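Working notes, beginning with the structure itself.
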Amino acid sequence: MKFILSKALCLAVAISLVASVAHAQGKLNVIATTEDLAAIAREVGGDRIDAESLARGYQDPHFVEAKPSFILKLQKADVLVAVGRELEIGWLPPLIQQSRNAKVQTGGPGYIDASLQARILEIPQGQITRAMGDVHPLGNPHYWLDPENGKAVAKEISDKLSQLRPNDRSFFEQRTNDFINRLSEAEKRWASLMAPYKGTKVVTYHRSFPNFAERFGLDVIGYVEPRPGIPPSPQHTLDLINEMKRQNVKLVLVEPYFDLKTPNSIGRATGAEVLVMPPSVGGVKEVTDYFKLFDYDINLLIGALKKVGAQTE
Ligand SMILES: [Zn+2]
């Protein structure tokens, strides 16, 4: 009897082991806050993960409407990839908490802060405060718009996926290296396309493009918003128009989720072209991956720069 029992027990243990191994080798369920991060996660994870984003690329990532379906997605997630630098602070923390999923709590085993290895610009000096309503208190969170930072995000994701799936480490590392190599090749192409326009002065609505401008040689001289997250005011708009006239700025870049009323009035007052330029994958439907984001934006920019007769060397 004792023998039979222990045999049955062994069988049960064996079955549960097989089940847990099978589970361990299933696809990791990766939820990213933005489509940019989901796109990079797919580059790294390939068919070993399912990746999905919460925010859509045409939404302002600072102010995303939290839906109950987001909580359900987070409940089932093995991994959560966030932009960090408080980009999502207005909407993500309660969702994480309500998911009651220990894996994806901040600092949990499946939580990825994608900003950790990225080059972050505009880190405030001295006292950090949100009292002025500034939504960039920890530096500029739109860092994914430099492809070099895309590489840093891929490494961060690869490290975490490898921790969770040690047997797949070489798979993730090989895919990450391949992604980095393809990005390096594309960067050469993008840089040569933008080279004739180096130093072109532009204005942007929100501070979404400092990393993009640094990488591709644009000079952002002002913003439609007085501060990140603060809507335009008449006095600021007047000052900006005067500055644009003084510096002969002929291009205003606007993210797809902002009202065009103020940019258009600035355009009329200065003769500048107003260009709606998506800062994210999914911002327009053609931009379905991280490479297409730069392909699309650079093509759009060059078209506009030719139209306004921007400087060429
Ligand atoms: Zn921002």
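Observations on the model:
- 23 Å Cα-Cα threshold exceeded, pairs from Lys27/Lys73; Lys103/Lys155; Lys151/Lys292; Lys160/Lys292; Lys201/Lys307: Lys160/Lys292
- Two-site label geometry, Ile302 and Asn181: point separation in nm, points 7 Å out along Cα→Cβ: 2.5
- Amide H to amide H, with H built 1.01 Å from N, Leu28 comes under 5 Å of Ile49, Asp50, counting only residues 5 or more places away or on other chains.
- Carbon and sulfur %, accessible surface of the chain computed with the full protein complex present, 1.4 Å: 55
- A crude spin-label estimate for the pair Lys27 and Glu243, with each label 7 Å from Cα along the Cβ direction, gives 4.7 nm.
- Sparse-neighbourhood loop sites, trypsin sites (Lys or Arg not before Pro) in region 258-313 - DSSP loop, at most 11 other Cβ within 10 angstrom: Lys285
- Of the GluC sites (Glu not before Pro) found in region 38-144, the ones in coil according to DSSP and having at most 11 other Cβ atoms within 10 Å of their Cβ are Glu65.
- Accessible surface, per residue, of region 80-150 when the full set of protein chains is kept, probe 1.4 Å, Å²: 44
- Each Lys and Arg Cβ is given +1 and each Asp and Glu Cβ -1; about its Cα centre, the chain then shows a dipole of about 560 debye.
- R0 of 45 Å, Cβ-Cβ distance Asp47-Ile123: FRET efficiency to nearest 0.05: 0.75
- Accessible surface ranking that places the most exposed of Arg100, Arg207, Arg246, Arg189 first, with a 1.4 angstrom probe: Arg100, Arg246, Arg189, Arg207
- Selected from Trp91, Gly271, His136, residue furthest toward positive end of dipole (the chain; charges at beta carbon): Trp91
- Sites Lys261 and Lys67, calculated FRET efficiency, Cβ-Cβ separation with R0 22 Å, nearest 0.05: 0.20
- Solvent exposure ordering (accessible area, 1.4 Å, most first) of Val308, Val254: Val308, Val254
- Surface calculation, 1.4 Å probe, protein heavy atoms: Thr288 sits at approximately 80 Å² accessible.
- Solvent-accessible area per residue in region 225-305 equals 45 Å², computed with a 1.4 angstrom probe and all protein chains kept.
- Nearest-ten-degree value, helix 2-24 long axis tilted from longest Cα axis of the chain: 10
- Between region 135-206 and region 226-284, the alpha-carbon center distance in angstrom: 26
- Total charge dipole magnitude, region 177-313, about the Cα centre, Cβ charges on Lys, Arg, Asp, Glu only, Debye to nearest 20: 380
- Among the protein heavy atoms, those of Phe209 account for about 10 Å² of accessible surface (1.4 Å probe, every chain in place).
- Residue of Pro228, Pro141, Pro210 that the Gaussian network model of the chain assigns the largest fluctuation, springs spanning Cα pairs under 10 Å: Pro228
- Computed FRET value (nearest 0.05) for Tyr58 with Arg100, which takes r as the C-beta separation and R₀ as 41 Å: 0.85
- From phi via Karplus (6.51, -1.76, 1.60), per-residue ³J(HN,Hα) for region 157-167 in Hz, x at Gly/Pro: 5, 4, 4, 5, 4, 5, 5, 7, 10, x, 5
The values are calculated or read from the model by the stated rules, or taken from the named source; none is laboratory data. Worth saying up front: this structure is predicted, and the values here are computed from it rather than measured. Quick reminder, even Gly has a Cβ in these numbers, built from the backbone with ideal geometry, and neighbours come from all protein chains shown. Quick note on the areas: whole protein, heavy atoms, side chains included, nothing else; ligands and nucleic acids left out. Shrake-Rupley method; radii C 1.70, N 1.55, O 1.52, S 1.80 Å.
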